[in-house]
Amino acid sequence: MADTTDPGDAFVGRPDHSVYETDEPVLYAVADRVATVTLNRPKYHNAQNSQMTYALDAALRRAVDDDAVKVIVLRGGGKHFSAGHDIGTPGRDLDHSYPRASLWWDHVNKPGAERLYVREQEVYLGMCRRWHDLPKPTIAMVHGACIAGGLMLAWVCDLIVASDDAFFQDPVLRMGIPGVEYFAHVHEMNPRLAKEFLFLGERMSAQRAHEIGMVNRVVPRAALESTVHAIAAKIASQPRMGLSLAKTVVNRIEEMQGLRSAMDLAFGYHHFAHAHSQVLGAGELGGQDAASMIRANKKDAP
Ligand code: ZN
């Protein structure tokens with residue numbers, strides 16, 4: 001008789017019904033020592049499914065491995081930077097297995113709260129931390145919506161340059177969840193603003209984000225690309241190791257200021273919220289779905 005009592009051993013997993021609309025959820029191009037990585041699900045406002053996060057991880061590794069690349073620009077294709085994590089497109093692939101980027105086991109056939117906890121350790125928290133620590137400088141080029149999971153992609157970059165039509169928003173408290181998985185809120189803004197940002201879930205304009213120091217530059221939409229490329233070109237003229245060392249020092253100081261441990265703490269509460277919602281029979285997202293979140297966000301829009 002087996003000596004294990006792990007109730008998960010008998011679990012058979014859930015079927016994967018995801019259907020991808022593209023084979024290229026991320027585009028990659030290099031010119032003038034700058035790699036441009038483009039989120040490429042414009043039909044769904046660059047909602048992040050696992051297909052996209054693994055493709056993004058691969059594109060960033062490619063840029064790090066390429067000696068011709070000094071700087072990485074991350075942008076969104078289509079009308080918006082990113083509407084966040086995929087919570088409702090046909091390509092939502094929560095139960096699709098991918099070769100993993102971390103040493104976490106596969107979440108796909110796991111029971112209870114283990115499935116989502118392990119998945120988010122890998123594709124959200126783990127990957128964002130990897131990307132934040134990429135040894136080459138990164139610039140987020142943000143236009144349109146940068147919502148929830150979109151914030152995570154902008155925040156992991158070293159610089160954020162936004163067009164004047166960009167806005168930033170973390171509305172996940174409506175799901176009963178205390179903010180997105182990569183909880184940098186209190187490092188990106190002061191605690192009082194972070195509470196306002198979380199409690200109200202309202203859009204923060206690019207201008208406001210610039211005033212509070214979350215965004216480096218705000219420029220007219222027509223000047224966004226040229227501004228980012230001018231900044232990237234100037235950074236690309238600096239020595240590779242110097243850039244990497246400067247980035248490392250700043251990132252390690254952010255950790256000394258509590259970024260890493262704050263995020264671990266928040267991740268625990270985040271997963272209490274997912275599990276609480278499931279215990280209540282409301283699914284993982286507090287009874288919300290993509291349609292209800294879009295409706296509520298439209299009602300909130302200025
Ligand atoms: Zn989550």
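The values are calculated or read from the model by the stated rules, or taken from the named source; none is laboratory data. Predicted, not measured: the structure shown is a model, and the values here were computed from it. Positions of Cβ are generated from backbone atoms using ideal geometry, with glycine treated the same way; all protein chains shown enter the neighbour counts. Surface areas here come from the heavy atoms of the whole protein model, side chains and all, with no ligands, DNA or RNA. Shrake-Rupley method; radii C 1.70, N 1.55, O 1.52, S 1.80 Å.
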- request: Evaluate the following for ASP95: is it farther than 30 Å from SER237 by Cβ and out of contact with any Phe, Trp or Tyr (no Cβ under 8 Å at 6 or more places or on another chain)?
  value: yes
- prompt: Just wondering, is there one or more residues in segment 106-116 that are open to solvent by 10 Å² or more (accessible area, probe 1.4 Å), within 16 Å of the ligand (Cβ to nearest atom) and either among the aromatic types (Phe, Trp, Tyr) or part of a strand (DSSP E or B) (or both)?
  reply: no
query: (1) closer than 25 Å to ALA59 by Cβ; (2) open to solvent by less than 10 Å² (accessible area, probe 1.4 Å); (3) among the hydrophobic types (A, V, I, L, M, F, W, C): which one isn't true of CYS157, the others all being true?
result: (2)
message: Return the residues of segment 266-281 that are more than 14 Å from the ligand (Cβ to nearest atom) and of a type in the set (A, V, I, L, M); say none if nothing qualifies.
response: VAL279, LEU280
query: Hey, which of the strands (runs of 3 or more DSSP E) in segment 122-185, taking only ones fully inside, have at least 2 residues that are within 12 Å of the ligand (Cβ to nearest atom)?
result: none
query: Taking only pairs six or more apart or across chains, which ones have beta-carbon atoms under 6 Å, a first residue in segment 172-201 that is within 14 Å of GLY258 (Cβ to Cβ) and free of Cβ contacts under 8 Å to residues at least 12 places away in the same chain, and a second residue that is among the basic types (Lys, Arg) and more than 16 Å from the ligand (Cβ to nearest atom)?
result: none
task: Tell me which of these LEU280 doesn't satisfy, since it passes every other one: (1) open to solvent by 30 Å² or more (accessible area, probe 1.4 Å); (2) touching a residue at least 12 places away in the same chain (Cβ under 8 Å).
output: (2)
Lone unmet requirement of (1) under 19 Å from the mean Cα position of the chain (by Cα); (2) part of a loop (DSSP other than H, G, I, E, B); (3) away from the ligand (no atom under 15 Å from the Cβ) for THR38: (2)
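Condition check: closer than 22 Å to ALA35 by Cβ, buried (at least 20 other Cβ atoms within 10 Å of the Cβ) and within 15 Å of the chain's Cα centre (by Cα). Does ILE147 satisfy that?
The answer is no for ILE147.
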- prompt: Does segment 64-82 contain any residue that is within 16 Å of the ligand (Cβ to nearest atom), over 29 Å from ALA236 (Cα atoms) and either in contact with a Gly (Cβ under 6 Å, 6 or more places away or on another chain) or of a type in the set (A, V, I, L, M) (or both)?
  reply: no
